[in-house]
Amino acid sequence: MIFAIYKPKGITSAEALRRIKRKIGAEKIGHAGTLDPLASGILVVATGADTKKISEVVAKEKEYVAKIKFGETSETDDEEGKKTVVPVEKIPSLQEIREAVDGFLGEIEQRPPIFSAIKIAGKEAYKRARKGEKVELPSRKVLIKKIDILNYVWPILELRVVTGPGTYIRSLARDIGERLGTGGYLAELERTRVGEFTREKAVFREEL
């Protein structure tokens, strides 16, 4: 069985999976496309023999609604990390924001956040970073299919983003801030779709 749940903010994807496993008594269970604890939204889950098909879901496009905060950077590229204030001499106009955002459409090179689950010599990057180790992750090609500006009131920019697999919205937030010279980090994130799975088709925690 393959289905989607709506993961609430505040728990890890692994914890959400453990709760589902206890509720339905599945012996084998897996998920596609990890969501950070601070993010909410669609998490696709597979049980039994269908866990072998989960990689097909990961390869499908994803849609997000993201809020970026300018004027600061974060060591984790999101709300969780230690912040550093970036002096901003001129607040970007909506036109400047639009031009910066449009520069990230298509196939781009993206450097993943060092606080990520990408493994370096068999160990997750975020575990190394938390120990104070120097972490360097190479950039990689990702596909950003569409970016719509939903709202902009300094210092918050709200976007709808449609991506291919492997794209980090935290990295996108950081890179937009760098391009504008304002700094920026991901303040809030909701994944609204994974392939054909939408919020309307998802199972919420109270329904389990």
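The values are calculated or read from the model by the stated rules, or taken from the named source; none is laboratory data. None of these values were measured; they are calculated from a predicted model. Note that each Cβ is placed from the backbone with ideal geometry, even for glycine, and that neighbours are counted across all protein chains shown.
Within region 8-50, how many residues turn out to be modelled with pLDDT under 85 and within 19 Å of Pro165 (Cα to Cα)? Count: 3.
Restricting region 163-208 to residues that are basic (Lys, Arg) and within 14 Å of the chain's Cα centre (by Cα) leaves a set whose member that is surrounded by the fewest Cβ atoms within 10 Å (Cβ to Cβ) is Arg193. The sole residue among Ile108, Ile97 that is in a strand (DSSP E or B), farther than 18 Å from Leu189 by Cα, over 16 Å from the mean Cα position of the chain (by Cα) and hydrophobic (A, V, I, L, M, F, W, C) is Ile108.
Cβ-Cβ contacts under 9 Å between residues 6 or more apart (or on different chains), taken from a first residue in region 93-120 that is under 17 Å from Gly33 (Cβ atoms) and in the same structural domain as Arg170 (by TED's automatic domain parsing) to a second residue that is at pLDDT 95 or above and assigned to a loop (DSSP other than H, G, I, E, B), are listed as Gln110/Phe104. Among the residues of region 59-110, those identified as touching a helix residue (DSSP H, G or I) at 6+ places or on another chain (Cβ under 6 Å) and either modelled with pLDDT under 95 or more than 18 Å from Leu150 (Cβ to Cβ) (or both) are Asp77, Asp78, Gln110.
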